[in-house]
Structure formats: structure tokens, C-alpha cells
Amino acid sequence: MSESGVVSDMRLPVTVGEVTAEWLTSALGFRFSGVEVLSCEHVDVLPGTSTKVRVALEYNDAGHAMALPSRMIVKGGFEEHSPSMKEMYRNEMRFYRDVLPFINMNAPKCFYAGADPDAWQAVVVMEDLVERNVRFCRAQQPQGYEQVALRLSAMARYHAQTWNSREFDKGGRLDWVGERFSDWSLEYQNRYLEPDVWAHYVSLPRGAAVSRHLHDRDWMVAALGRIAREHKDKPVCLIHGDTHLGNLYVEADGAPGFFDAQVSRAPWSLEVAYHIGCALDIEDRRSWERSLLEHYLSQLAINGVQAPAFDEAWGDYRRDLAYGYFIFAINETRFQTEAVNTAYAARFGAALVDHGEVG
């Protein structure tokens, strides 16, 4: 049992309606003995890749004595597409169970995280960040230099903690963390690279926001293949895995926070290129990306890592921008709105053209 109060052998709700006071009593009871949830009101339901159910809770005296919050978020797969997302849900659950208790990453406090051994579902019960008045980042509001620099400093800290770590070896506590280009992720990726599927996505508004040269499926396949191939010779670390602005927040004191992790093992450059490409206005990225990369490398060194030389890092960063473009070129509108996908695709598309990474 970790400090997150995790169990993995109980039945989990598979519909929003099954998120009840009775079920939450059972879930919270693994960590908070004697707690009973007397009532559970569904305040809000936020559908997406995973669905978040905001609940208002009333407790017995034991719950009040333990200062459990009156609002929480219950996150899981409650949509029609959810059975196909089993690996993604389990990955996030294991982030809360097996990673967050020891990694240096600011993320929501977790009260329960578990997977149903007999089904595809995995559920996390976490704090409602709205109650702490954090500021959520948004795709339509690009970040400033200092905001991105602080975020890269935070990334450097948790990257350094697991840099070429033996914990990834068999028997280590991170041996379950897959490579970003794992069999499962490649299967997911290849579905969207079918010629008719790819053609559909680049015909959407996001496609009109980028150079027509980025519509070339053969170029996209080759760019992703190059990333996967060249990653094999690079040091790996634990990455959050999805640091677009919609998965990030800022504390009242300015400290960066992360949620909706899809952790994997990968070279640092995949995460840094993905975040810079998402976070910055096109013209700001042109002005700041070299300085921000230098800042990230300096933070790696401060945290005890022999950082790559700038020229090598610059090449890795430029190469990995194609991954971010792919993600938002094919991202379904049930996961992010077309406005969000278009904003990100345009930023990555401009970066790829600027850096001559177009076939």
C-alpha cells in the first residue's frame, strides 16, 4: 500500500451513475479507516479521453476529523470509447500509485487509485484543484518566457531523478513503464496513419493551418520512424508524457503543476520539444527556444546529470517536434476541440518549417 491509498482488487464503477457514496466509502476506506461518505452529489461531469466527475461529499465524524475535502474529482473511463483506452487508464493509475509518491513532480493529491482486475477500468480519486484556486493553463493562451522556464526547471528535476535509472530494469519499481514507442503506442499510432484516416484529419481546419508539405503521409511515417530509431541510442528518463497546456496548472505562488500524466520512458527531448511547441506563440518560440533549451540543459546539470552538448540537444529537439505535430494532427475532437487541435498543429507546423524538418 502506497501513501496514495491504492488497491487493485475491487470492483470499480464503469458509469458515472455508479460513482456513489457507498463506492467512495469503500475506496477511501483503504487509506482512511473508519471514514464513511454519507452523501455524494455529482456537481459536474467533464467528459474526455478520461471523464472527470466532480463530487460534493459529506462525511461522518471520522471523515471530518481527518480533514477530508468536501469536493473531490473521480476520474476514470465512463465513455463508449473507454474499453479501448485500458492501457492509458492503467498508466495514469500507476502514475499515482507507483510514481508520484517518490518523484519530484507537483501534481494533485491522490486519495485512491486502483484498477479492476476483471475489467478495463482504472479509477483515480483526487483533490479538486478548483478548491485551491490554482490557475489552469489553456491552449488559447500561450505562455510567457518565465512560465515556460519554470516548467522546464520542474521537468529537469524529475527527468534527472530517473536519468538512465536502474529502476527501469527488470525488478525495479519502474520496470512497468513502457517506452514511448512501445507496441501499444505504435498500434495506436498506426491506426491514424492509414491513408484514408490520415487524409481525413489533414482535411480538417487543423490541416489548413499548416503547410501543405506537412500533409504528406510518407513524410510523417518517416519522421516518426526516425524519432523511434534515434531514440534507441539516447539516455532515457521518466517523462510526464503529455505536457500540453490543458494538462498543466500554476499554483498561487507561481509553482508549475502537472496532471493527466501518461508516463513513459523516453529521451528528455521528446518532452521538452512537445512542451515548447505547445506552450509558446509562434513568434515567441522563434525568439526564445534556443535560450529555453540552454536553460533546461543548465537545470539538468544543476540536478546532477551530465547534460548533452547544446548542438546535440538542439538537433534532438528539432527532430522531436514532429512527434508533437503528429499528436495534434490526428487528435480526435472527442478528446480535444478542433480549436485546440488547430492551435497546437499550427504551432508545431510553423516550428517544423522554421527548422527545415519538412520532407
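Throughout, read-outs are computed from the coordinates displayed, never taken from laboratory work. Note that the structure is predicted; figures quoted are calculated from it, not measured. Positions of Cβ are generated from backbone atoms using ideal geometry, with glycine treated the same way; all protein chains shown enter the neighbour counts.
Please turn the phi angles of segment 48-64 into ³J(HN,Hα) values with the Karplus equation 6.51 cos²θ - 1.76 cosθ + 1.60 (θ = phi - 60°), one per residue in order, whole Hz, x for glycine and proline.
Calculated HN-Hα couplings, in order: x, 3, 10, 9, 10, 10, 7, 10, 9, 10, 10, 10, 6, 4, 4, x, 5 Hz.
Once both axes come from the Cα atoms, what is the angle between helix 217-231 and the longest principal axis of the chain, in degrees from 0 to 90, rounded to 10?
Compared with the principal axis, the helix lies near 70 degrees.
Toward the positive end of the charge dipole of segment 201-341, about the Cα centre and with charges on Cβ (Lys, Arg +1; Asp, Glu -1), which of GLY304, VAL272, VAL250 goes farthest?
Positive-most Cα among the choices belongs to VAL272.
Sort segment 1-124 into rounded, prolate or oblate with this rule: let a ≥ b ≥ c be the square roots of the eigenvalues of the Cα gyration tensor; rounded if a/c is under 1.5, and if a/c is not under 1.5, prolate when a/b is larger than b/c, oblate otherwise.
Details: a/c = 1.62, a/b = 1.21, b/c = 1.34.
Because a/c hits 1.5 or more and a/b fails to exceed b/c, segment 1-124 counts as oblate.
I'd like the orientation of helix 145-161 relative to the chain: the angle between its Cα long axis and the longest Cα principal axis, in ° from 0 to 90, rounded to 10.
That helix lies at roughly 70 degrees to the long axis.
Return the FRET efficiency for the residue pair ASN104, SER84: r is the Cβ-Cβ distance, R0 is 35 Å, and the value is rounded to the nearest 0.05. Show your work: numbers first, answer last.
Numbers: r = 33 Å, r/R0 = 0.94.
Given R0 = 35 Å and the Cβ-Cβ separation, E is 0.60.
Rounded, prolate or oblate for segment 205-276? Axes are the square roots of the Cα gyration tensor eigenvalues, ordered a ≥ b ≥ c, and the cut-off for rounded is a/c under 1.5. Each step should come with its number before you reach the end.
On the way: a/c = 3.14, a/b = 1.34, b/c = 2.34.
Note, shape of segment 205-276 comes out oblate.
If the limit is 30 Å between Cα atoms, which of LYS86/LYS109; LYS52/LYS170; LYS75/LYS234 go over it? Walk me through the intermediate numbers first.
On the way: LYS86/LYS109 23 Å; LYS52/LYS170 34 Å; LYS75/LYS234 34 Å.
From the list (LYS86/LYS109; LYS52/LYS170; LYS75/LYS234), the Cα-Cα distance tops 30 Å for LYS52/LYS170; LYS75/LYS234.
Taking θ = phi - 60°, what integer Hz values does the Karplus form 6.51 cos²θ - 1.76 cosθ + 1.60 yield along segment 111-121, in sequence order, with x for Gly and Pro?
9, 7, 8, x, 10, 7, x, 10, 8, 8, 6
Compute the helix-to-body angle for 183-192: its Cα long axis versus the longest principal axis of the chain, expressed 0 to 90° and rounded to tens.
70 degrees
Just to check I understand the Karplus step: with θ = phi - 60° and J = 6.51 cos²θ - 1.76 cosθ + 1.60, what whole-Hz values come out for segment 248-257, glycine and proline as x?
Per-residue couplings from phi come out as 10, 8, 10, 6, 4, 8, x, 5, x, x Hz.
May I ask you to list the residues of segment 312-337 whose amide nitrogen lies under 11 Å from a point 7 Å from Cα along the Cα→beta-carbon direction of HIS200?
Label zone hits: 332-333.
If you place +1 on the Cβ of every Lys and Arg, -1 on the Cβ of every Asp and Glu, and leave all else neutral, what size is the dipole of the chain about its Cα centre, to the nearest 20 Debye?
Values: 36 positive and 50 negative charges, 105 e Å.
The dipole of the chain has a size of about 500 debye.
For segment 257-359, which GluC sites (Glu not before Pro) are both in a DSSP coil and crowded by at most 14 other Cβ atoms within 10 Å? List each step's numbers first, then the result.
Details: sites: GLU271, GLU283, GLU289, GLU294, GLU312, GLU332, GLU338, GLU357; in loops: GLU332, GLU357.
Answer in residue order: GLU332.
When the convex hull of the C-alpha atoms of segment 135-354 is computed, what volume per residue in Å³ does it have?
Details: hull volume 26.6 nm³, N = 220.
Each residue corresponds to 121 Å³ of Cα convex hull volume.
Going by average Cβ neighbours within 10 Å, how do the peptides 84-92, 235-243, 188-196 rank, with the highest at the top? Display every interim value, and only then the final one.
Values: 84-92: 19.2, 235-243: 23.7, 188-196: 12.7.
Averaged packing, sorted descending, gives the order 235-243, 84-92, 188-196.
In the chain, if the dipole is taken from +1 on Lys/Arg beta carbons and -1 on Asp/Glu beta carbons about the Cα centre, which of TYR96, LEU204, TRP219 is farthest to the positive end?
Ranked along the dipole, the leading option is TRP219.
Out of segment 203-309, which trypsin sites (Lys or Arg not before Pro) are coil in DSSP terms and have no more than 14 other C-beta atoms within 10 Å?
LYS232
Quick one: grab the alpha carbon gyration tensor of segment 133-227, order the square roots of its eigenvalues as a ≥ b ≥ c, and give me rounded if a/c is under 1.5, else prolate or oblate depending on whether a/b is larger than b/c. Intermediate results must be reported in sequence, preceding the final value.
Details: a/c = 2.54, a/b = 1.25, b/c = 2.04.
It is oblate, given that a/c is not under 1.5 and a/b is not larger than b/c.
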